[in-house]
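Okay, handing you the structure first.
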Amino acid sequence: MTIAKQNKQYGLFALSLGAALLLAGCTTKTAPSVSETAKPVDVETVVKQKLPAGQKDRSAWAKELATTFKSQDIAPSEENICSVLAVAQQESNLVADPAVPNLSAIAWKEIDRRAESLHIPAFLVHTALKIQSPNGKSYSDRLDKVKTEGQLSAIFDDFIGMVPMGQKLFGNLNPVHTGGPMQVSIAFAEQHTSDYPWKMEGTVRQEVFTRRGGMWFGTYHLLNYPANYTRPLYRFADFNAGWYASRNAAFQNAVSKATGTKLALDGDLILYNTDKAGSTELAVRKLAGRLDMSDSQIHRALQKGDSIDFEKTDLYEQVYALAEKKAGKKLPREMLPGITLESPKITRNLTTAWFAKRVDDRRAACMKR
C-alpha cells in the first residue's frame, strides 16, 4: 500500500505541517531521474552552501544528509540535495521537531472525538487524564502545554501504555502519523528500516522525530523509488499524495479521454481494503472489449499502480493508444493530482498542486544559492 492510501486512513495528523507553518508565520534504481545525469558533487560541502543563512547546526545537517545519500545510494547531485532541503524547508522550516500552531486544541478535540465515537462520557476521559504520567506531570497538564508532534506522540505512547482508558480510546494506535523535519509518515518509516545507517536508541516512531531520522526516511520517500518524471515537481506531488500519484493522475486523464467519463484525477487507480471497484476501474472496464481484457485482468494491472511496473502493462499502453487516437494528440504521462488537503492544521483551501509548486519554487531558489 502506498503512503497516499495509508495517509487517507489516518485523518488527524497525516498532512503537511508546511501549510500550517506558512499560514502561521531525484534518484532511481531502474529509471534514472534527470538529476542523475548531473555532475556529482560532495554532498556535505554542498549542503552547507545551500542551507539558508542562519541555519543552526549546519555541520550536523550536512553530515547526516551525506550519510543519508550514501546509505540509500542516492545520486549526489545539486538538484537532489536542493529537492530534499526544499521539502524540509516547506514542511518544517528545517526544524527537527517543529512547533505546530494550536496543537493542544487539536489534540483535545481528537480525544473528545474518539470518546464520543465510543460513547464514553467526556468527563470520564478528562478525569482519567488528570492522573500522573511517567514524567511526573499529569497527562492533562502535558496536553495543555504540548507544542510539537514529537511531544504529542510521546504523550499518547505513555497514555496508551499506562492508562486503561488510553487502551480503550486508542488501542495500540498512536494518532500522530507524521513527524520530523520532512513530515514523513511513521508507517512508511516502519516499513523501510533495512538500510538505516544509525543505531536507534528507541523506536522507529521516536527516530522519525529526530533530525537524522526524519531526513533519512523523508529522503527515502522523496527520491528512493524509480520514476520517469521529467521534472522534480512531480516527485514533490508524489511526496504529498503517494508514490506514482502524478503518473497515475495522467493515466486517469487518459482513461477519461478514452471513455468520456469524468474522473477525479487523484492518483488512486483502485480502492484499497475492499473488493469493490472504484470509479477509475469502472471507467476502464468500459474499454474491456476494445482492450480484449477481462475485469480480473484489468484489476490485476491496476494493482500495479503503486510501482514502476504499471507502465509496462498492456493496459497502460493500450489505454494511451485509444485515448490519443480519440484526442488526436499525444497525452501527458505526468500530471499534478487534483487533491484538496484536509487537516485540522490547515485553515485554507490548499491542494497537492499548491504544495508541489511551493516546494519546486524553494528548490529553484536553493539551486541559485
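The values are calculated or read from the model by the stated rules, or taken from the named source; none is laboratory data. Please read all numbers here as calculations on a predicted model, not as lab measurements. Counting neighbours? That spans all protein chains shown, and the Cβs are built from the backbone with ideal geometry, glycine included.
Which ones in segment 256-266 are in a loop (DSSP other than H, G, I, E, B) and among the charged types (D, E, K, R)?
Matches in segment 256-266: Lys262, Asp266.
Only one of (1) surrounded by fewer than 18 Cβ atoms within 10 Å (Cβ to Cβ); (2) part of a loop (DSSP other than H, G, I, E, B); (3) outside the structural domain of His126 (by TED's automatic domain parsing); (4) not aromatic (Phe, Trp, Tyr) is not met by Glu190, so which one is it?
Only one criterion in (1) surrounded by fewer than 18 Cβ atoms within 10 Å (Cβ to Cβ); (2) part of a loop (DSSP other than H, G, I, E, B); (3) outside the structural domain of His126 (by TED's automatic domain parsing); (4) not aromatic (Phe, Trp, Tyr) is unmet by Glu190, namely (2).
List the helices (runs of 4 or more DSSP H) inside segment 112-179, counting only whole elements, that have at least 2 residues being touching a helix residue (DSSP H, G or I) at 6+ places or on another chain (Cβ under 9 Å) and modelled with pLDDT under 85.
Qualifying helices (runs of 4 or more DSSP H): 149-162, 164-170.
Among (1) more than 14 Å from the chain's Cα centre (by Cα); (2) over 23 Å from Arg363 (Cβ atoms), where does Gln191 come up short?
(1)
Also, quick follow-up: Within segment 154-171, is there a residue that is surrounded by fewer than 23 Cβ atoms within 10 Å (Cβ to Cβ), outside the structural domain of Ile308 (by TED's automatic domain parsing) and under 18 Å from the mean Cα position of the chain (by Cα)?
No, the conditions are met nowhere in segment 154-171.
Moving on. Report, by residue number, each residue of segment 283-301 that is of a type outside the set (Gly, Ala, Ser), under 17 Å from Leu322 (Cα atoms) and either touching a helix residue (DSSP H, G or I) at 6+ places or on another chain (Cβ under 6 Å) or surrounded by 15 or more Cβ atoms within 10 Å (Cβ to Cβ) (or both).
Val284, Arg285, Lys286, Leu287, Leu291, Met293, Ile298
Please list, ordered by first then second residue, the pairs with beta carbon atoms under 7 Å, 6 or more apart or interchain, first in segment 163-178 and closer than 14 Å to Glu110 by Cα, second at pLDDT below 75.
Pro175/Leu12; Pro175/Phe13; Val176/Phe13; His177/Tyr10; His177/Phe13; His177/Ala14
Sticking with this structure for a sec: Go over the candidates Glu64, Glu116, Glu110 one by one and state the one that is crowded, with 21+ Cβ neighbours inside 10 Å and more than 24 Å from Arg358 (Cα to Cα).
Glu64
Does Trp216 satisfy being crowded, with 20+ Cβ neighbours inside 10 Å, over 17 Å from Glu334 (Cα atoms) and not small (Gly, Ala, Ser)?
Yes; evaluated as a whole, the condition is true for this residue.
Looking at Lys56, Lys70, Lys63 in this structure, which one is at pLDDT 80 or above, under 23 Å from Trp198 (Cβ atoms) and in a loop (DSSP other than H, G, I, E, B)?
Residue meeting the stated conditions: Lys56.
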